[in-house]
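Quick notes on the structure that follows.
Each reported figure results from applying straightforward, stated rules to the coordinates on display, with no laboratory input. The shown structure was predicted, so the numbers you read here are calculated from the model rather than taken from an experiment. Heads up, the Cβs are rebuilt from the backbone with ideal geometry, glycines too, and the neighbour counts pull from every protein chain shown.
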Amino acid sequence: MLLRVCIFVLACAAATCAPQGPCQPYDFSEAFNRSKCVAHNCSLYPDDLWSTMCYNNATGFPCGESPYPVSVCHRDTQSCAFGSHQALCCDLSETKPCGMDELKAKGWDYVQDGACIPKDSTCCGNFGGMMPNMAFGCKKGTSCCAGGYQSICCDDATEACVPFAPAVWDPDAYSPKCVKMYDPQGPCQPYDFSEAFNRSKCIAHNCSVWGNTCYNNATDFYCGTTPHNVSVCHRGTQSCAYGYHQALCCDLSETKPCGYLEANVSSSNLQYAACIPKDSTCCTNPNYGPNFGQAFGCKKGTSCCAGGGQSMCCDDATEVCVPTVPEDPYNKTCIKKSVVV
């Protein structure tokens, strides 16, 4: 029997033995004594051979992570603002936690130092930023502006947050910035769109951004896709002829667009769009060949004979579009109607 007791005691010393009753009165301020802590049915942190702290699990819980300082927070009155290097017990009557639990849940960066912030503030930290990431609070009336090297707080009434935009070549955008703004619900303010692109200034003027282009969405719309050239077309007087590599703004008074929408082909199969006369027909080379994906117009009185290496325009009165060989319907040519049997 004595041997079994010794084995049990040794096992408890080497592993975890949950207390069988409540933690007995104990002076937690004294130097850590593992054996005494276990004998009093109190809890160990961490709960293994490398324990460094004794606490009453019924009234407290550990906050922090070894080998960095670990505190014991009081249940019901405190909460833990966890950071990998610094964790704090926050008094819930006046503050709230801002740390790993609050920021990582939103997909933000790993937090090194947690913080206790005022109850009416907003938890803030880095998102895609530099380390170490030290959590902090944005006071009432401001909001966290994250996305870039170092997050900041922007005034809700007068400022707009401009996050870092990694896809945009703009030296002004590497860290998030607070920029003065007009009424966020108002129109794009007067702006010189001919000047060099400045993302922060564009957003501050309530104007729209597409790639490296600033424009007034009320009067204009973008035409094209990055990283290729993007044009800005004027609403009401122009239309976009969209091609994957080239997109054009077409003057609706004289022309019409001939792009992938008009040619009814996949956008990746139409590389270069065109503006064509209003009385012409949109034509393209949708499959393969030397002019792959080149849109063009067939003048009035002709029709598009599309397919293969070189599409062409057939005369409506005298020609018909047929496959070059019956087995290959994707290669077509114009032949005289008198030849067709």
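Computed with the Debye formula from one identical point scatterer per Cα of region 37-187, without solvent, the log10 of I(q)/I(0) at q = 0.16, 0.20 Å⁻¹ comes to -0.89, -1.17. Loop-resident chymotrypsin sites (Phe, Trp or Tyr not before Pro) (DSSP state other than H, G, I, E or B) in region 33-97 with no more than 15 further Cβ atoms inside 10 Å of their Cβ: TRP50. Residue ranges 90-103, 217-230 sort as 90-103, 217-230 when ordered by packing (mean number of other C-beta atoms within 10 Å per residue, highest first). Spacing of the modelled spin labels on PHE197 and THR237, each 7 Å from Cα toward Cβ, amounts to 2.4 nm.
For GLN189 and ALA58, the difference between the fully extended length at 0.36 nm per residue and the C-alpha to C-alpha distance is 41.1 nm. Fully extending the segment from ASN212 to PHE28, taken as 0.36 nm per residue of separation minus the present Cα-Cα distance, adds 60.1 nm. Model label points for THR226 and LYS104, set 7 angstrom from Cα along the Cα-to-Cβ axis, are 3.2 nm apart. Would region 208-256 count as rounded, prolate or oblate if I go by the C-alpha gyration tensor, calling it rounded below 1.5 in a/c and otherwise prolate when a/b exceeds b/c, oblate otherwise? Taking the square roots of the gyration eigenvalues as a ≥ b ≥ c, region 208-256 is oblate.
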